[in-house]
1. Being within 14 Å of chain A (Cβ to nearest Cβ) and buried (at least 21 other Cβ atoms within 10 Å of the Cβ) is the filter here; which residues of the range C:98-120 pass it?
2. Check every one of the helices (runs of 4 or more DSSP H) wholly within the range C:46-120 and list those with 3 or more residues that are in contact with a Ser or Thr (Cβ under 7 Å, 6 or more places away or on another chain).
3. Give, as residue ranges, the helices (runs of 4 or more DSSP H) completely inside the range B:315-422 that count at least 2 residues that are polar (S, T, N, Q).
4. Restricting to the range C:65-84, name every residue that is farther than 19 Å from B:G228 by Cα, surrounded by 16 or more Cβ atoms within 10 Å (Cβ to Cβ) and small (G, A, S).
5. Report whether or not C:A31 is within 14 Å of chain A (Cβ to nearest Cβ) and crowded, with 17+ Cβ neighbours inside 10 Å.
6. Name, by its number, the condition in (1) touching a helix residue (DSSP H, G or I) at 6+ places or on another chain (Cβ under 6 Å); (2) surrounded by 20 or more Cβ atoms within 10 Å (Cβ to Cβ); (3) modelled with pLDDT under 90 that does not hold for B:P567.
7. Going by what's in this entry, would B:R619 be described as touching a residue at least 24 places away in the same chain (Cβ under 8 Å) and within 30 Å of B:D390 (Cα to Cα)?
8. Quickly run through the range B:10-21 and pick out the residues that are aliphatic (A, V, I, L, M) and either surrounded by fewer than 17 Cβ atoms within 10 Å (Cβ to Cβ) or not in a helix (DSSP H, G or I) (or both).
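The values are calculated or read from the model by the stated rules, or taken from the named source; none is laboratory data. As the structure is a computational prediction, the values presented were derived from the model and not from experiment. All Cβ positions, even for glycine, are placed from backbone atoms using ideal geometry, and neighbour counts span all protein chains on display.
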Amino acid sequence: MGGKRAAKNKQPPAAADGAAVVCLPADCRLAVQMALKEQLQQVLQHGDIVIDAQALERVDTAALQLLVLLRRELEHNGGALAWRGTNEVLHEAAALLGLEQSLNLPTATSA
Amino acid sequence: MGAVDLTQFHKTFFEESLEGLDAMEAALLALDSGSTDHELVHTIFRAAHSIKGGAATFGFAEVAAFTHVAESLLEEVRSERRGVDGELIDLLLRSVDCLRAMLDHTSHGLPAADADSEALRGELVRLVSGEAAPAPAAATPAAASVDGWAIRFVALPHLLQTGNDPLRLFRELQQLGQLDVCRAFVVDAAPTQLAELDPGQCWLGWELRLHGAVARADVAAVFDWVEGDCELTIEPIAAASVAPVAPVAVAPTLVAPPVAAPAAPVASPAPASAPRPVRETAAASSEGSSIRVGIDKVDALINMMGELVITQSMLSDIGEHFHLSQLERLREGLLQLERNTRELQESVMRIRMLPIGSVFNRFPRLVRDLERKLGKQVKLELHGEHTELDKTVLEKIGDPLVHLVRNAIDHGLESPEQRRAAGKNETGTLRLDAYHEGGNIVVQISDDGAGLNRAAIVAKAEQRGLIRPGQEVDDAEVAELIFQPGFSTAAQATDLSGRGVGMDVVRRNVRDLGGSVGVRSQSGKGSVFTIALPLTLAIIDGLVTAVGEERYIVPLISIVESLRLRPEMVRKIAGGGEVFHFRNEYLPIMRLHRAFGCNAAITEIERGIVVVVEEEGRRVGLLVDDLLGQQQAVVKSLEAHYQRVQGISGATILSDGSVALIVDVCGVVRLGQRGKAAA
Amino acid sequence: MAKILAVDDSASMRGMVAFTLRGAGHEVTEAENGQLALDAARGNAFELVLADVNMPVMDGIAMVRQLRALDAYKGVPILMLTTESHTEKKMEGKAAGATGWLVKPFDPEQLLATVKRVLG
């Protein structure tokens, strides 16, 4: 699956402020969540994490749950979760599941 | 939404349903003979189940209703709530017959059910314990026009693993009314560290409000697939304003204040392309014989084609710049072309070949029915079910075989008492064999019964005037007598015909297929009926002969010998007939030029060649001018292109493009014998 | 439109399902038992699987169980085509990991509505 490859290949490049950036694959559904989780675990100790959703085309509850739990652990450790490149797909799903605040999504539809 | 035309699937449905019934029957018979293989029950159930599903889908309500009851009964058997006994098997076998008839009627556009099928269905219904009336649609409180519903939905961890996603459920709810997600939460039991999380497990819960005049049943229907995968409460909004009893404590951490989900209409993709018109394909459902071909046979054909293309390109290569030095290569290429053509021909012919098992499969049922009817015990053995026969031959060989099997059980095999008295096993054995022999398929029906009753046959033949009283007849002649027309009379043609009755019909049917049938019998030990059939009707190996300006093909299989006669070998007999001496007997000479009215043919017997042909033990000599060689002939029916001609079985095209007629040896021998009898 | 795998040992039912879905623009692959369906699933990324329950060689329940064991099919909707008389089969199918079911007999409109429900 293309999604799986995308999730694995991206090395976390540092954002301008030093936060680790993790890109979501185009198809970010259940089948790739284990890979995404491993990727997130690697950067968990980094401090702040930026999730890049620019490529995102398909997303499911499993993916949003993973990110919710990521933020919870991150904030517990004193880090923060930020977004860039959020799109309509992400906003629609998060809104429908009532998880926009839990995900700390920006209110604008696009960053 | 344009209606989708399903009539194109009807033919497939009928075909597979009949196959299913065959499988069901075979499995029922296996159960009856004491097998306890549970897979048999599954097979029977599956067949009924598929027919029911298909019949209902394609709108054949009567068939569906009948199968439904049968299926319920079978379900009881499958779940071992009901045992299998002879009575049940009888009933189910009758149901199989009934369904066959119903399908047949349906496929011809006739009403499927009749008094018989209804009576049988009634029997099934009575047997099915507590066949409940179709459950009324789940009683739901009349669509209470409430303000809406408060829904509490907490996923169990495995929810996502069933392919259900709360996102999808919520989208469905959105289509019913205005959906507010009041609260989303992570349940307490959720792992607190990513390291412990299995991302395939769901730890989320929601409190939702669905506003609008929505029936509770419609809300519940959204969640019907996740019953057992979540905790769910659905309450009218007024009642829900009281704090709901939470079965799972909520994690306070990420509790978001009620957020009204933006009622942004989820843009459901426009129904893509308009449904394609389907009318033009409906015509495909018209009747027409079809054949199922194994993919291996098609692959073989494609391989052959590939080789043919290679040969063709090689030959055209030679042809383009031909030089005499390439003669050897050309010859090789032509040989290769010949080989390719022959192989391609064989592959094409194989497409028409089907295993004889489909005919053999009728017999367990037939044997079982006859056993009961006649009070005999029969063990049926089938061998060589995979032997393949031309489809046309296969379709026509069924009736003669049924006749021979009936005969063997009715008159060949003795009653258990008689067998015991004769020191035999009480259970008689009936064996069907199919195998290749030479260019033929041989089918044998053997029994270990009493054998032909010589005295009775001779007496009857005398009575019928087939032989003179007191005439000496050897065993082979006795065996032949039962195939004579007139040996039997209609008066005896009962449901179970006596030995001899209709045997002439059996022989005629087999002959029509280009085959022969004979019997060997040993008193007290049993009989063996042997049917020899051509591999295919479409191609014969023939000897091309010249008669005047015409070419006649004599099937190789009938030829005993060809010889040139010396004048002293020929004798004229009274009535103008001619005979010649051949291996201790006198054979009539049949002048083909005279029989078929050919001009410019050789008329002096010693200048021509006599081809001795044999059919069913009778021989005649055919006078022709010359033998031109052997050739495979693709048989073209004269009936189809012209009309039936006495003594001619068909026509073919020779390699030079001219037409040759194929001699019907049977017919010619009969003509010859008539001449001899008249002599 | 979606790539769909239709599994049924009955050629007429399978044909009806495939024909209907293709008419709606979906790309449909057909398989006549669970084993063949698994083989097909391994080489393709189907977005929806529709499967009969009672099939020879490998029935629908066993097929679902094995499909779910494949990473790529963990969250893919799998619908069982079943008859109303078998509620316990529905539950067995669910336990094996089926998403839901479509009750036979169904007509093309019902089929399309259900597929739309699953695919969104």
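1. Filtering the range C:98-120 for residues within 14 Å of chain A (Cβ to nearest Cβ) gives C:99, C:118-120.
Hits for the range C:98-120 are C:T99, C:V118.
2. Numbers: elements: C:60-68, C:87-96, C:108-119.
The qualifying helices (runs of 4 or more DSSP H) are C:87-96, C:108-119.
3. Numbers: elements: B:327-351, B:357-360, B:363-374, B:391-407, B:416-421.
Ranges flagged: B:327-351, B:391-407.
4. C:A72
5. On the way: within 14 Å of chain A (Cβ to nearest Cβ): no; crowded, with 17+ Cβ neighbours inside 10 Å: yes.
When the stated conditions are applied, C:A31 does not pass them.
6. Failing condition for B:P567: (2).
7. Answer is yes for this residue.
8. B:L18
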